[in-house]
Amino acid sequence: MEKKESFTCPHCDKKLPFRVILKVKNDHAFACPRCGGAVVPQKTKSFTWGYVIGFLSFVVPEQIVFYLHEDIVMAFLIGFVHALTAFGLVSLYLYFNTRFSKAISFFI
């Protein structure tokens with residue numbers, strides 16, 4: 001049994017664009033932007049975790065820096081950098097570990 005490439009369309013065998021990562025949810029079918037075929041992810045984490053981790057990685061460092069230095073601008077910038085980093089890492093994790101299969105039924 002050959003190993004399927006991650007984040008590829010099972011219909012056309014082409015890589016899906018990175019922006020599709022925002023549509024990935026368990027049991028949620030969507031159309032491939034390249035061929036229009038219906039695809040559904042196989043056992044993946046929802047991207048909602050990316051938002052939660054991004055939010056927490058903003059709030060916690062921001063509050064710590066604000067408590068220690070009482071500089072709201074520096075605290076916001078540090079929190080923002082942490083949130084972007086966490087959001088990007090979660091996105092990359094999902095991109096490299098999500099596999100798709102053909103959808104059984106698809107209604108638009």
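The values are calculated or read from the model by the stated rules, or taken from the named source; none is laboratory data. For clarity, every value in this text was computed on a predicted model and none was experimentally measured. Please note: Cβ atoms are built from the backbone with ideal geometry, for glycine as well, and neighbour counts cover all protein chains shown. The protein model used for the area step is the full one, side chains on, heavy atoms only, and it has no ligands, DNA or RNA in it. Shrake-Rupley method; radii C 1.70, N 1.55, O 1.52, S 1.80 Å.
Values computed for the structure shown
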quantity: Spin-label model distance (nm) - residue 52 vs residue 81, 7 Å beyond Cα toward Cβ; calculated: 2.8
quantity: Solvent exposure of the stretch 18-102 as accessible area per residue, Å², 1.4 Å probe; calculated: 66
quantity: Per-residue SASA entry for residue 89, accessible area with 1.4 Å probe, Å² rounded to 10; calculated: 110
quantity: Residue-level accessible surface for residue 69, protein heavy atoms, 1.4 Å, Å²; calculated: 110
quantity: Reachable aspartates and glutamates from residue 14, criterion Cα separation under 12 angstrom, eight or more residues apart if same chain; calculated: 5
quantity: Top of 52, 65, 73 by mean-square fluctuation, Gaussian network on the chain, Cα under 10 Å; calculated: 73
quantity: Positive-end residue of 37, 18, 67, charge dipole of the stretch 18-102 with Cβ unit charges; calculated: 37
quantity: Approximate spin-label separation residue 43-residue 68, in nm, with each point projected 7 Å along Cα-to-Cβ; calculated: 4.1
quantity: Relative contact order (%) - criterion: Cα under 8 Å, at least six apart; region: the chain; calculated: 36
quantity: In degrees, nearest ten, helix 48-69 long axis to first principal axis of the chain (Cα); calculated: 10
quantity: Paired Rg and Dmax values of the chain, which use every Cα atom, in angstrom; calculated: 18.0, 58
quantity: Dipole magnitude of the stretch 18-102 about its Cα centre (Cβ charges: Lys, Arg +1; Asp, Glu -1), debye to nearest 20; calculated: 820
quantity: Accessible carbon and sulfur surface of the stretch 18-102 relative to its total accessible area, %, 1.4 Å; calculated: 68
